[in-house]
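Working notes, beginning with the structure itself.
The values are calculated or read from the model by the stated rules, or taken from the named source; none is laboratory data. Because the structure is predicted, anything quoted here is derived from the model rather than measured. As a convention, Cβ positions derive from the backbone with ideal geometry for all residues, glycine included, and neighbour counts pool all protein chains shown.
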Amino acid sequence: MGAVRGGDARLVLLGAPGVGKGTQAAEITRRVGLLHISTGELLRSAIRAGEPLGRQVAAIVERGDLVPDALIGDVMEERLSRPDAADGFMLDGFPRTVAQADLLDGILAKRGQGLDRVISIEVAEPEILDRLTGRRSCGQCGAVFHVRYNRPRAEGICDRCGGPLRQRSDDTERVIAERLRAYREQTAPLILRYQRAGLLLAVDGRGRPAEVFERIAAAVPGLRG
Ligand code: AP5
């Protein structure tokens, strides 16, 4: 695998819930301006806005199940067809099933493009539970904090936009267990698929976010900006 050009790379961030996909994506975007597309964030914003899509998926997300492939497929076909995604993007939370990976291959093939890297971030489940139960997210801008590992300057208030911080409704132990089950059963098989395709970069997700970023950047030149 050669170097990628940070600003117009096509990357996938793979990994169980809470391994730090969103945290690393935010850092990569800050450094090289790569477009960050999070399917979870697209769904949550549709739920917040009371859009038809949001009403269709709210209960599914709330229980920690995966939204049906056909629905996510429509969302991503539309999102990836926008001009800002023409050259580069970083997908966070998609693909999550074999059918979604096939769909992504099809979209890219039509454009004469392919993926540059699939970065699989790996963290053990007890640590995932600790990260997710302590996560706090901004209700306005989506910035992510943690009650111990990434504390906001003022408790309960977003450093970036001053919005209120809250706990995601799917960050309870019961729902996290469901999300981890969905990951093991439906998403983890993609690791082998991308390994066979020569695209996989497995990264140890332990340690501080800056250390994890350094591991990614060491293996994917072009992301330091
Ligand atoms: P989604 O929003 O994609 O959730 P997820 O995959 O469960 O991932 P998270 O956002 O929970 O975690 P993350 O890896 O981004 O971790 P973060 O950086 O925040 O999906 C939500 C739901 O939407 C799904 O359950 C499903 O229902 C639906 N959905 C979404 N996409 C779908 C799809 N393609 N198909 C079907 N359904 C779909 O970090 C977590 C915490 O840890 C934070 O507090 C952070 O500050 C902290 N942290 C991060 N890095 C570190 C570190 N190195 N050390 C210590 N703490 C850290």
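Worth a mention:
- From Val12, Val19, residue being within 7 Å of the ligand (Cβ to nearest atom), closer than 24 Å to Gly88 by Cα and within 14 Å of the chain's Cα centre (by Cα): Val19
- Of everything in the stretch 22-49 that is more than 14 Å from the ligand (Cβ to nearest atom) and among the hydrophobic types (A, V, I, L, M, F, W, C), the residue that is surrounded by the most Cβ atoms within 10 Å (Cβ to Cβ) is Leu34.
- Checking the stated criteria, Gly205 turns out to be within 20 Å of Pro126 (Cα to Cα), surrounded by 18 or more Cβ atoms within 10 Å (Cβ to Cβ) and of a type in the set (Gly, Ala, Ser).
- Of all residues making up the stretch 105-123, the number that are within 17 Å of the chain's Cα centre (by Cα) and either within 10 Å of the ligand (Cβ to nearest atom) or on the phi > 0 side of the Ramachandran plot (or both): 2
- Close pairs from the stretch 132-148: first outside any strand (DSSP E or B) and surrounded by 14 or more Cβ atoms within 10 Å (Cβ to Cβ), partner of a type in the set (A, V, I, L, M) and modelled with pLDDT of 90 or more, Cβ under 6 Å, at least 6 apart: Leu132/Ile176; Gly134/Val147
- Residue satisfying condition, being closer than 27 Å to Val57 by Cβ, touching a Leu at 6+ places or on another chain (Cβ under 7 Å) and part of a helix (DSSP H, G or I), within set Tyr183, Tyr194: Tyr194
- Test: Arg160 is among the charged types (D, E, K, R), in contact with a Cys (Cβ under 9 Å, 6 or more places away or on another chain), within 30 Å of Ala218 (Cα to Cα) and in a loop (DSSP other than H, G, I, E, B): yes
- Top-ranked residue of the stretch 62-78 - restricted to ones that are touching a residue at least 40 places away in the same chain (Cβ under 8 Å) and more than 21 Å from Gln140 (Cα to Cα), ranked as farthest from the ligand (Cβ to nearest atom): Arg63
- Of all residues in the stretch 195-225, those that are under 17 Å from Leu34 (Cβ atoms), among the small types (Gly, Ala, Ser) and within 16 Å of the ligand (Cβ to nearest atom) total 1.
- Scanning the stretch 116-158 for residues that are touching a Leu at 6+ places or on another chain (Cβ under 9 Å) and not hydroxyl-bearing (Ser, Thr, Tyr) yields a total of 18.
- If the condition is being surrounded by 13 or more Cβ atoms within 10 Å (Cβ to Cβ) and over 23 Å from Ile28 (Cα atoms), then the stretch 188-202 contributes Ala188, Arg193, Ala197.
- Of the residues making up the stretch 50-61, those that are surrounded by 13 or more Cβ atoms within 10 Å (Cβ to Cβ) and either touching a residue at least 12 places away in the same chain (Cβ under 8 Å) or of a type in the set (A, V, I, L, M) (or both) are Leu53, Gln56, Val57, Ala58, Ile60, Val61.
- Restricted to the stretch 12-35, and to residues there that are of a type outside the set (A, V, I, L, M) and assigned to a helix (DSSP H, G or I), the residue that is nearest to Val118 (Cα to Cα) is Lys21.
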